[in-house]
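The values are calculated or read from the model by the stated rules, or taken from the named source; none is laboratory data. Not measured: the values here are computed from a predicted model. Cβ atoms come from the backbone with ideal geometry, glycine included; neighbour counts cover every protein chain shown.
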Amino acid sequence: MNLPFYWIDAFSDKRFHGNPAAVILAPTELDGAMMQAIATENNLAETAFVMTSRTPHPIRWYTPTAEIDLCGHATLASAFALFDRGLSAKHAIEFVSASGPLRVSRSAELLALDFPARPTSPSPDLTELVSAALGAVPREVRSANATMAVFSTEEEILALRPHMDQVARLPGYGLVVTAPGEATDFVSRFFAPQVGVPEDPVTGSTHCSLIPYWSARFGKTKLHAKQLSARGGSLWCEDHGERVSIAGHCTLYLRGEIHV
């Protein structure tokens, strides 16, 4: 069986920047073991599998080692692939996922994710473990699906050199670090050795927690964010209460087929 395959750099308008995601378009859902094997073979942070024969389109995401319940950049890339393939003539695409209904809308060159908000709560009991894992003491530790460490400056975020073995022992699916930005509202980095991704280049799903936090702290709903990985990425965010909007560019790197 030959299946359409895309490799897309998400959250960037430049090739070789942002977060690369693989997208597999299949008429029916593949076996879970097969999807994991394909994701392991691709060896990218995320591979998205989209069922094209149903609408809303079922979507699932795999790292090289595990299935996860929500992924922003691979969902953005999946919408790009469906638009590119001519499988949607509208300006919005609906997905159904383990995290509920998801929507991606298109406006000019920007694609915007409509995702569930995941507000954080204070977790001071994790401060010692997080500090040891990062080699630096955050001003605040919070948690939701991932652990979040808040710092005071962008410079502190750039300087972090985490101990991945200790990060892997933290609760949740990873550790996001964040601070006010110098040229943007806020910045972040994300480490997820728990799911086989030491540092993710750009992470849409963590912004489900970052947006409510920074929106409340700054007292505004529209925010510009940057993820400070080596590849880097820009995100235009908006807080809608129970939902958040996370927008960015996508750049095509590869279009082809896989044989399974």
* Structure fact -> For segment 130-159 the number of residues that are hydrophobic (A, V, I, L, M, F, W, C) and crowded, with 18+ Cβ neighbours inside 10 Å is 11
* Which of the residues belonging to segment 102-148 are within 30 Å of Cys250 (Cβ to Cβ), in a loop (DSSP other than H, G, I, E, B) and touching a residue at least 24 places away in the same chain (Cβ under 8 Å)? -> Glu109, Ala117, Arg118, Pro119, Thr120, Ala144, Asn145, Ala146
* Structure fact -> With the first residue restricted to segment 182-202 and required to be on the phi > 0 side of the Ramachandran plot, and the second required to be hydroxyl-bearing (Ser, Thr, Tyr), Cβ contacts under 7 Å at 6 or more apart or on different chains are Gly196/Thr63; Gly196/Thr65
* To do: Return the only residue of Leu87, Leu110, Leu70 being in the same structural domain as Met34 (by TED's automatic domain parsing), surrounded by 15 or more Cβ atoms within 10 Å (Cβ to Cβ) and in contact with a His (Cβ under 9 Å, 6 or more places away or on another chain).
  => Leu87
* Limited to segment 90-107, what total is found for residues that are under 17 Å from the mean Cα position of the chain (by Cα), surrounded by 15 or more Cβ atoms within 10 Å (Cβ to Cβ) and over 23 Å from Ala192 (Cβ atoms)? -> 3
* Take the residues of segment 1-31 that are hydrophobic (A, V, I, L, M, F, W, C) and over 18 Å from Arg60 (Cα atoms): which is nearest to the chain's Cα centre (by Cα)? -> Phe11
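Matching residues to (1) assigned to a loop (DSSP other than H, G, I, E, B); (2) of a type in the set (Lys, Arg); (3) within 17 Å of Ser97 (Cα to Cα):
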{"residue": "Arg15", "(1), (2), (3)": "yes, yes, no"}
{"residue": "Leu25", "(1), (2), (3)": "no, no, yes"}
{"residue": "Met35", "(1), (2), (3)": "no, no, yes"}
{"residue": "Thr55", "(1), (2), (3)": "yes, no, yes"}
{"residue": "Arg60", "(1), (2), (3)": "no, yes, yes"}
* To do: Check whether at least one residue in segment 3-11 is of a type in the set (Asp, Glu), surrounded by 14 or more Cβ atoms within 10 Å (Cβ to Cβ) and not assigned by TED's automatic domain parsing to the domain that holds Thr147, and report yes or no.
  => yes
* Hey, Ser229 assigned to a loop (DSSP other than H, G, I, E, B) and surrounded by fewer than 20 Cβ atoms within 10 Å (Cβ to Cβ) or not -> yes
* **Scope segment 49-72; condition under 21 Å from Ala89 (Cβ atoms) and hydrophobic (A, V, I, L, M, F, W, C); matching residues** => Val50, Met51, Ile59
* To do: Take Tyr173 and decide whether it is modelled with pLDDT of 95 or more, over 22 Å from Asp9 (Cβ atoms), in the same structural domain as Val130 (by TED's automatic domain parsing) and surrounded by fewer than 24 Cβ atoms within 10 Å (Cβ to Cβ).
  => no
* Which numbered condition Ala192 misses (of (1) surrounded by 22 or more Cβ atoms within 10 Å (Cβ to Cβ); (2) within 20 Å of Lys222 (Cα to Cα); (3) not β-branched (Val, Ile, Thr)) -> (2)
* Asked: What number of residues within segment 206-226 are surrounded by fewer than 23 Cβ atoms within 10 Å (Cβ to Cβ) and closer than 19 Å to Thr251 by Cα?
  -> 1
